[in-house]
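The values are calculated or read from the model by the stated rules, or taken from the named source; none is laboratory data. All values derive from a computational prediction rather than experimental measurement. Reconstructed Cβ throughout: ideal geometry from the backbone, glycine too, with neighbour counts over all protein chains shown. All accessible areas refer to the heavy atoms of the entire protein, side chains included, with ligands and DNA or RNA removed. Shrake-Rupley method; radii C 1.70, N 1.55, O 1.52, S 1.80 Å.
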Amino acid sequence: MRVVDAATLAAGPLVATALGEFGADVIKVEQPGIGDPLRTWGVRRDDIGLVWKSVSRNKKCVTLDLRTDVGRDLLHGLLAHSDVFVVNTRPSTLARWGLDYESLHERHPNLVVLHVTGYGLGGPASDRPGFGTLAEAMSGFAHVCGQADGPPTLPPFMLADGVAAQSATYAVLAALYHRDVHRGGGQLVDVSLVEPLARLVEQATLAYDQLGQIQGRTGNRADASAPRNAYRTSDDKWIAISSASSSIAARLYRAIDRPDLANRPEYVDPIPRQARADEINALVAAWICERTLADAMKVFLAEHVAAAPVYDAAQLMADEHLRARGVFVSVDDPDLGEMTVQAPVARLSETPGRIDHLGRALGADNDAVYRDLLGLDDDRLADLRSAGTI
């Protein structure tokens, strides 16, 4: 399977990343001299974006000016040899370039086109610029996150893009299945940044629709579970606890030396337990704050309580279970030397994902891709470079 990734920043490129981890030949198309803004987004070393290095793993990097007729002709040449086209350009711009879905489908009827936009296609906001931050606000996520007396809280990472990418990845695979198994031809996959995240916080809209309630902010607590919070230890660490089921709640009471509560329905059954959330949280917090993280976790693990330490990056990468699973892998890189990145998330027993290389320099694969796929010779490539097309 070949994927042409002409999207920028996070959501669209993350879809191509996931497909590339499991064997797709991914061609990353970027504007000459500029490149994907993800190259310089976030933390950098020697002015090289570290997120870029990871997100662009396994991709062949070519440059191509889609604003020109010649550039678009070259793109069509790539698409003629491809299965998936990933793009996040505004609909009006694609229409002006003749790269809207209708035009693409007429020319490449078996192509699956993924169009990721801030607000999705067809509505009055379709052509507005959209970024993850705006989706995290509009989706209702920020409204329910944060302390009760604090402001709406936005995540400090690309949450909306990541959630949208997961939705879009399975949708692209479903479209390919439909094409290849049911011989249905290509189709458009339309994914916004707002809707996938709104689906995850759907409890808020369900409560409003059926009960007329507007969900507020509750910090680390959750209305559906008590206790559910992050608790400070005596050595200034933190432990997170979840007790969604009655059996887990009973185990927790025994662990904190309150076995008398383990058989009382008002403290164990989920619904009456929610009404005592303040009392229960106070009991758990008081027990944990008198113990170190190691001592508290030793008790919780022995009693099979659903508890985990709140990790920073160093603790996450040092965790013995994650190390045993090979969650983080070191990859040799010509720019940064050895770099540790997270391995492909899904583990397939027969066709595991892989990382062949990290993100490459702008246009690093121009010659190989244009020569091998389109048959361009050295003179033609030199002409395209001279004109600024690649």
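Of the residues making up segment 276-316, those that are touching a Pro at 6+ places or on another chain (Cβ under 9 Å), farther than 12 Å from residue 234 by Cα and open to solvent by less than 40 Å² (accessible area, probe 1.4 Å) are 277, 280, 281, 284, 297.
If the condition is being more than 28 Å from the chain's Cα centre (by Cα) and open to solvent by 70 Å² or more (accessible area, probe 1.4 Å), then segment 229-257 contributes 232, 236, 251, 254, 257. Of all residues in segment 61-102, those that are free of Cβ contacts under 8 Å to residues at least 40 places away in the same chain, open to solvent by 40 Å² or more (accessible area, probe 1.4 Å) and more than 30 Å from residue 382 (Cβ to Cβ) total 4. All told, residue 155 falls short of being loosely packed, with under 12 Cβ neighbours inside 10 Å, assigned to a loop (DSSP other than H, G, I, E, B) and out of contact with any strand residue (DSSP E or B) (no Cβ under 9 Å at 6 or more places or on another chain). Based on what the data block shows, is residue 184 in a loop (DSSP other than H, G, I, E, B), over 22 Å from the mean Cα position of the chain (by Cα) and without any contact (Cβ under 8 Å) to a residue 60 or more places away in the chain? So residue 184 passes the test.
In this structure, does residue 354 turn out to be in a loop (DSSP other than H, G, I, E, B), open to solvent by 60 Å² or more (accessible area, probe 1.4 Å), over 19 Å from residue 81 (Cα atoms) and not aromatic (Phe, Trp, Tyr)? For residue 354, the condition - in a loop (DSSP other than H, G, I, E, B), open to solvent by 60 Å² or more (accessible area, probe 1.4 Å), over 19 Å from residue 81 (Cα atoms) and not aromatic (Phe, Trp, Tyr) - is met. Of the residues 308, 286, 294, the single one that is under 25 Å from the mean Cα position of the chain (by Cα) and among the aliphatic types (A, V, I, L, M) is 308.
Of the helices (runs of 4 or more DSSP H) entirely within segment 1-108, those holding at least 3 residues that are more than 24 Å from residue 131 (Cα to Cα) and modelled with pLDDT of 95 or more occupy 69-79, 101-107.
If the Cβ limit is 6 Å and pairs must be 6+ apart or interchain, which residue in segment 350-364 that is within 18 Å of residue 329 (Cβ to Cβ) pairs with which residue that is assigned to a loop (DSSP other than H, G, I, E, B) and open to solvent by 60 Å² or more (accessible area, probe 1.4 Å)? Correct list of pairs: 353/22.
Among the residues of segment 326-350, which ones are among the small types (Gly, Ala, Ser) and either part of a strand (DSSP E or B) or open to solvent by less than 60 Å² (accessible area, probe 1.4 Å) (or both)? Result: 326, 330, 337, 343, 346.
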